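Below you'll find the structure, written out as structure tokens, and then a few comments.
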Amino acid sequence: MNNHKLNRYKSHNMKQQLIHFTILAVGLWFAGLVEVVSQPVPVVQPSKIYFVSALDISQVQQGWGEPHADRSVAGNRLSIGGQMFTNGLGTHADSEFVINLGGNAESFSASVGIDDEVSKHGSVVFKLLGDADGVLWHSKELHGGDASQSVNLSLAGVKQLTLFVDSGGNHEFDHADWSDAQITMTTGKPTAGSILKEEAIVLTPKSSPKPRINSAKVFGVRPGAPFLYTIAATGDRPMAFAAEGLPKGLQLDEKTGRITGSVPEKGEHAVTLRAKNALGKAERKLKIICGAQIGLTPAMGWNSWNCFASAVTADKVKSAADAMVVSGLINHGWTYINIDDYWQVNRNAKDQTLQGPHRDATGKILSNPRFPDMKGLTDYVHGKGLKIGLYSSPGPWTCGDCVASFDYELLDAQQYATWGFDYLKYDWCSYAPEMESLRGNPSKFPAAAKSWSSSKPNELEKLQKPYRIMRAALDQQNRDILYSFCQYGMGDSWEWVAEVGGNSGRTTIDITDTWSSMAGIGFKQNGHEKFAGPGHFNDPDMLVVGKVGWGPNLHPTRLTPNEQYTHISLWCLLASPLLIGCDMTQMDEFTLGLLTNDEVLEVDQDPLGRQAARVAQNGEVEVWSKDMEDGSKAVGLFNRGYSAAPITAAWADLGLSGHQKVRDLWRQKELGRFSGSFTANVPRHGVILVRISPEK
Ligand code: GLA
């Protein structure tokens, strides 16, 4: 029954009557006793029971698919733990449905659970939220196949009720049913409300026209490897650059601020960078460390996956590089332009632009027709003072079924270096330890061993093996290629990424642009801080601000403005690689503001390379703190709740005492001198990010 029709029959009783009337009419029609004509339904006194599914469910916000009245999210009859329901709301986590009650409701009841259409998959918690954020009720964690859980809750005095389904971060298969969901009113009717729209306020002040140097304060290079460091500086152009104390072998282009060449020997060099324009000058220290370790601060750049996914082309990559320069992002330290999956030939593509020979006669990997000139592409990107990355897998195929590196690791590493790539993301897909016995015999590869997710400690060696093989292959190249592990944290990989030689290691499954995904991943990083440091950072996946879409069609991120501030603040505190996932040719003022706040980015790029840890948690509010090189602390006051709340960062939790200066980093404003603690009012799903420094 469609929603529109149901709206005409608001009460439970009326609906029952309609069903009975229909059964009777159909029965008689079968018996040939009556001719069915369109009959007006008898009008009865409206009762005070209202079905949730009869409200305007187009207001439901959810993580996947469309909400359905009396059907599951996939359009099937509602069924939980083998029990069928004729009435209810079928949705998908994370979902939110706001219902206005005007304080006139008596109670809410429902039977909730995961729909049987996903079999044993999925896990969610159903929540009922009242006015000022209170969680009035929540279910236990329900899994696919579990029996439904009943709720019968008094709503006396509640003005607004929110039906919320929480995925806990991973929303795969979370087909969530509010079966028989109904509201009993004393007077009036419930109506669907909309989730408060937040204004997208740009907090980042405009950059000064005077010079300010923003690039990393420490930079690692291996002896003899080609060197590229662009002095990132904001301020009016023309600008003249200078560098004092550069090691032998390096030269600066005074107009562009690019330092190139190579450093022949190991050693540390204290360099002073200078930038000057008509309005003033700026200075910053840079430590160049020539040795075994690169990636001394987290990578900052862009990756094609979260916007274009399999629709990536060389032209789009070039446009991304152009946009990084034209938008001014390059002046804030953004550097890498990374091609994700689909630059290679795809083994089952119908699309001709993904077809072609996999490798040449000597075994060298070939790009697909969308990338006709890989060397030309890297030259193009380098010509802008940027760096460029690409993607492969240790198995025979990538996650997108394109040609990958198994048994060709050395040849591939050589080819990446010859082409001029600076970054490799190496994604576990299709590798299985059993394949090791097939080396040298490619025709025997299992068709598609998609993943092998065992993480038993005694198998750690097997999890690490393919990453070690590529490490050894990269080590043989006279090119610094940042090495980014992507195996979703299997085997608690944060504990061993550094030892196996990764410059970063994914700690999670893929992110998507919802609060539950972003916050679920971000706030789960606590504890990993022990393993992060210069040259090896934890990677909670790429950024989902701006226009994203994982394919040809893009949409504005579904994160609210405050959620986006939380996302960037948390990732910077976590010293995470910052890889922009949106189409950079379509960034609005708000997105640019998020990505160009130098005081916020400095938290990520701090040379100490520490990752923040949670120092306090009280229900849905959390305080995270990160030690900075200058002795200050970067502190995030996060509100994961549904309405604004005061949050206190206590000196006792931060290991501080006495008077401290507090600076709001997004607004770049001193907040004053505080002793004992600092308290701020933090919006729903929002953050206040501060830097707390001892008073001099
Ligand atoms: C995996 C990774 C993603 C992306 C895709 C490409 O899902 O986690 O980041 O690289 O593969 O197919």
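Worth a mention:
- Counting DSSP beta bridges with both ends in segment 300-607, the antiparallel % (nearest 5): 25
- Scoring 526-532, 638-644 by mean Cβ neighbours within 10 Å over their residues and listing the highest first yields 638-644, 526-532.
- Given charges at Cβ of Lys, Arg, Asp, Glu: the chain dipole, positive-most of VAL635, GLY549, HIS382: HIS382
- Near ALA233, the amide H atoms lying under 5 Å from its own belong to ASN214; only residues 5 or more places off or on other chains count, and H is placed 1.01 Å from N.
- Ordered from longest to shortest, the equivalent ellipsoid semi-axes for the chain are 50, 33, 22 Å, each the square root of 5 times a Cα gyration tensor eigenvalue.
- Euclidean distance between Cα centres, segment 646-688 to segment 84-112, Å: 39
- Only aspartates and glutamates eight or more places from LYS316 in sequence, or on another chain, were considered; those with a Cα closer than 19 Å are ASP340, ASP341, ASP351, ASP373, ASP379, ASP422, ASP583, ASP588.
- Nearest-0.05 FRET efficiency for THR679 and VAL326, computed from C-beta distance (R0 41 Å): 0.50
- About its Cα centre, the dipole of the chain is roughly 1240 debye, where the only charges are +1 on Lys and Arg Cβ and -1 on Asp and Glu Cβ.
- Each peptide in 51-57, 151-157, 302-308 gets a packing score, the mean of other Cβ atoms within 10 Å over its residues, and the list from highest to lowest is 302-308, 51-57, 151-157.
- Within a straight-line Cα-Cα reach of under 12 Å, LYS266 cannot be paired with any aspartates and glutamates, leaving aside sequence neighbours fewer than 8 residues apart in one chain.
- Note on LYS281: lysines with a C-alpha under 27 Å away, same-chain residues under 8 apart excluded, are LYS206, LYS210, LYS217, LYS248, LYS255, LYS384, LYS387, LYS661, LYS669, LYS696.
- Per-residue Cβ neighbour counts within 10 Å put LEU129, LEU573 in the sequence LEU129, LEU573, beginning with the fewest.
- Distance from the alpha carbon centroid of segment 420-437 to that of segment 216-236 works out to 28 angstrom.
- Label point of ASN152 set 7 angstrom out along Cα-Cβ; within segment 84-110, amide nitrogens under 15 Å from it belong to 106-110.
- Environment charge at ARG558 (Cβ cut-off 14 Å; Lys +1, Arg +1, Asp -1, Glu -1): -3
- Cysteines without a disulfide-compatible neighbour (Cβ-Cβ under 4.7 Å), the chain: CYS290, CYS307, CYS402, CYS486, CYS572, CYS582
- Phi-derived couplings, Karplus 6.51 cos²θ - 1.76 cosθ + 1.60 at θ = phi - 60°, listed residue by residue for segment 462-471: 5, 5, 7, 3, x, 6, 5, 4, 5, 4 Hz, with x used for Gly and Pro.
- Of PRO211, GLY102, LEU161, farthest towards positive along the dipole that unit charges on Lys, Arg, Asp, Glu beta carbons give the chain: PRO211
- Mean Cβ count within 10 Å, highest first, over the residues of peptides 107-115, 586-594: 107-115, 586-594
Read-outs: derived from the displayed coordinates by stated rules, not from any lab. Just so it is clear, the structure is predicted and the values come from calculations on it, not from any experiment. In this analysis, Cβ positions are derived from the backbone assuming ideal geometry, glycine residues included, and neighbour counts consider all displayed protein chains.
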